[in-house]
Amino acid sequence: MGAEKRTRASRIGRWVAGVVVVLLLVVIGAGVYARDAWQQLMANQAIQKFDWQGLHLSLDGIRADGFSLVSSDPARPFAVSGSGFVLGWDWQSFSLASVRIEQLEVEIPAWPEPAPDGSGASQSLSPEQTPAWFPDTLSVSSLRVDLPRETEIRGSLYVEMAPDPAQWRMETTELWISGSLPDSERSGWRISGAEGRIGLAGTAGVESATLEFLAGSTLQMDGVSSPDDGATFALGQLEARPGGSTLEAGYSLSDRSLKTMRLAGPLAIDIGTLQQANLKPQSWSFEGQLDTDLNRVDVRGVVKGAAGLVLDVDARWPLAATPQLTVSGELDGSQASRALAGTLEQWPAGVEISDGRLSVQASVRLPDTGPELEGKVIASGMSGIVDRMAWTGLDGTLELSLEDALVARTSELQLEQLNPGVPLGPVSLAGSYRAPLQALAKGTVSLIQGHAGFLGGEIRVKPGEWNLADLPVTVPVWLNDIQVNRLMTVYPAEGLAGTGTLQGEVPLVISRQGVQVAGGNIRAVAPGGTLKLPADRLQALARNNETMDLVVRALQDFNYSVLNSTIDYDQEGTLNLGLRLEGSSPQIRGGHPIVVNINLQEDIPALLTSLQLSGRVNEAVTEKVRKLMEKREAGNGEN
């Protein structure tokens, strides 16, 4: 019994030993086969050097601590080195099942040269047929590829290798590509200093790829300029961040060409400096969505300027046609004032907005001949300051167009009140302004209607057209139904009173030196009215002059049937009135009719300053005028 057990154990031992020997022979044979296959591959691919370090054979496959190889073909130079190499067997098909590499480094110092036949075609970057001994899968935990033009690839890679190379499939969870692009020009637009660091995750085949941009991906450019060397439009120090966007591409590895491409998804852009003739240079930022392919670039989102301007933007750029841009935005109160003053080169000095809302809508085209614009500016309940005047309740729409000239037009612009010290309002305007782009202040004003309430009556401007490039121009102004009692209440003196209605014509002469009036006239409407002027305001006229003493006493209580006055106003701000009164005073000759001729003079800027300091405009204007006066007095003190 014991002998039989020992004999059976001996047979089992010899059988196991035989199996082990066979398996070792198979492994060795497979290793020899793999070695021969690698040697054949090296010969076919012109590999100059191939080394293994720490090679281990086992039933699971081949392991190596490290390896390296170098191509000897100058037309297709490359070098490969790696560590943590594991090659797994598939015993059912006696083939290589998988290759795993912990760290792989590839260096390609130059792109493959054209084919030797002189056809100019480049050699394909993929084999025509997958060798039978190739593994089914290849995975690289840490990949580093150095390409021409200092382009680098870093990350992980998983490759499925089918018998047909056209069915090869690559996958990555994180692959970073960094490098630079040559300066380029498309339809006259120039891009310079482009470089980037792009992170990708997704799949790619021999002919197509679908990849997602990872957070932290950036594309930077030194500059983007319009076809006129950036005179119309230029961007400096641009950085785009497409993290979260998806890229779908079709390509050919044989000639390294891009056949189709679509990039869509979120996009953030920072611009160090945007330069355009009508905008102040400043930094801008954008957050929105990008949708682009080989023929177009579409972008929509929100643009923010350093000065505070915030706009919704929809840009469409057909690369072979004219870029178009649609812009809209709403600004509230003081935000509008700061944003517009810090953004627009032609924003009027001294204009401040405190209340209300400003809406902007514009469509811009950027052909080679220069920018074209159609837009609207809509004011709703806006108030603020213009220089030393307060304005309230601005409502209306201003339509803008820009091609060979800037045109601004309105069918009706309403202003509740304009107050330089004496309030005017409501004000209503309808007309247009057209100016060449090179001289926006030298355009042509076309007025359809212009009128304003004033002292119980109205000021009306005669419709007409005036060319500001051909100064001076004369603008006829009519005064209708001006109430004398309202006029007396705005003058900063006590004891003034009067009744009656005035009308007249005032020709405003506008020149480069300012505004003046020459030969204006104002008169009372029948049946006349009354005047009561305090004696202390007229004592200087009566000094040592009996006739003027009579006039002073008469004007303290005067009933007039005729009031005529010439009006002249010079560029220094002096108003001269040549006043003629016909009527009577109960204090003079028992009410006997008399005629009074008197010349009066007033410093209008000083009068308005007095009214502004008295608080008759608003606190903001009063404070502004006070600071100007203090600054002027300080300057005079230094002199």
Report task. Give 322, 326 a once-over and let me know the one that is under 20 Å from the mean Cα position of the chain (by Cα), open to solvent by 60 Å² or more (accessible area, probe 1.4 Å) and without any contact (Cβ under 8 Å) to a residue 60 or more places away in the chain. Result -> 326
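Yes/no matrix, rows are residues, columns are (1) over 33 Å from the mean Cα position of the chain (by Cα); (2) modelled with pLDDT under 90; (3) not in a strand (DSSP E or B):
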{"site": "395", "(1), (2), (3)": "no, no, no"}
{"site": "422", "(1), (2), (3)": "yes, yes, yes"}
{"site": "434", "(1), (2), (3)": "no, no, no"}
{"site": "449", "(1), (2), (3)": "yes, no, no"}
Report task. Specify the residue that is most open to solvent (accessible area, probe 1.4 Å); the eligible residues are those in the stretch 582-639 that are hydroxyl-bearing (Ser, Thr, Tyr) and modelled with pLDDT under 85. Result -> 614
Report task. Find all pairs meeting these conditions: Cβ atoms under 9 angstrom apart; at least six residues apart or on different chains; first residue within the stretch 185-201 and under 25 Å from residue 244 (Cβ atoms) and open to solvent by 60 Å² or more (accessible area, probe 1.4 Å); second residue hydrophobic (A, V, I, L, M, F, W, C) and assigned to a strand (DSSP E or B). Result -> 195/219; 195/221; 197/176; 197/177; 197/219
**Report entry** Residue count for the stretch 142-176, restricted to those that are within 18 Å of residue 102 (Cβ to Cβ), polar (S, T, N, Q) and either open to solvent by 70 Å² or more (accessible area, probe 1.4 Å) or modelled with pLDDT under 90 (or both)
**Finding:** 1
Query - Selection count where residues are at pLDDT below 90, closer than 25 Å to residue 137 by Cβ and within 50 Å of the chain's Cα centre (by Cα), scope the stretch 77-88 - result: 3
Requested in this report: Being touching a strand residue (DSSP E or B) at 6+ places or on another chain (Cβ under 7 Å), over 30 Å from residue 440 (Cβ atoms) and of a type in the set (Val, Ile, Thr) narrows it down to one of 246, 273, so name that one.
Outcome: 246
Report summary line: Of those in the stretch 231-278 that are small (Gly, Ala, Ser) and open to solvent by 50 Å² or more (accessible area, probe 1.4 Å), the residue nearest to the chain's Cα centre (by Cα) is 277
Query raised in the report: Are any residues in the stretch 551-580 small (Gly, Ala, Ser) and closer than 14 Å to residue 593 by Cα, and if so, which ones?
Result: 554, 561
Report task. Output the residues belonging to the stretch 374-389 that are open to solvent by 40 Å² or more (accessible area, probe 1.4 Å) and either part of a strand (DSSP E or B) or within 30 Å of residue 234 (Cβ to Cβ) (or both). Result -> 374, 376, 378, 380, 386, 389
Query raised in the report: Listed residues 215, 209, 204; which is of a type outside the set (Ser, Thr, Tyr) and not in a strand (DSSP E or B)?
Result: 215
Report summary line: Among 441, 430, 379, the single one that is more than 26 Å from the chain's Cα centre (by Cα), aliphatic (A, V, I, L, M) and within 30 Å of residue 608 (Cα to Cα) is 430
Query raised in the report: Looking only at the stretch 358-373, which residues are among the charged types (D, E, K, R) and assigned to a strand (DSSP E or B)?
Result: 365, 372
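The values are calculated or read from the model by the stated rules, or taken from the named source; none is laboratory data. Please read all numbers here as calculations on a predicted model, not as lab measurements. For neighbour counting, all protein chains shown are included, and Cβ atoms are generated from backbone atoms with ideal geometry for every residue, glycine included. Heavy atoms of the whole protein, side chains included, go into the accessibility calculation; ligands, DNA and RNA do not. Shrake-Rupley method; radii C 1.70, N 1.55, O 1.52, S 1.80 Å.
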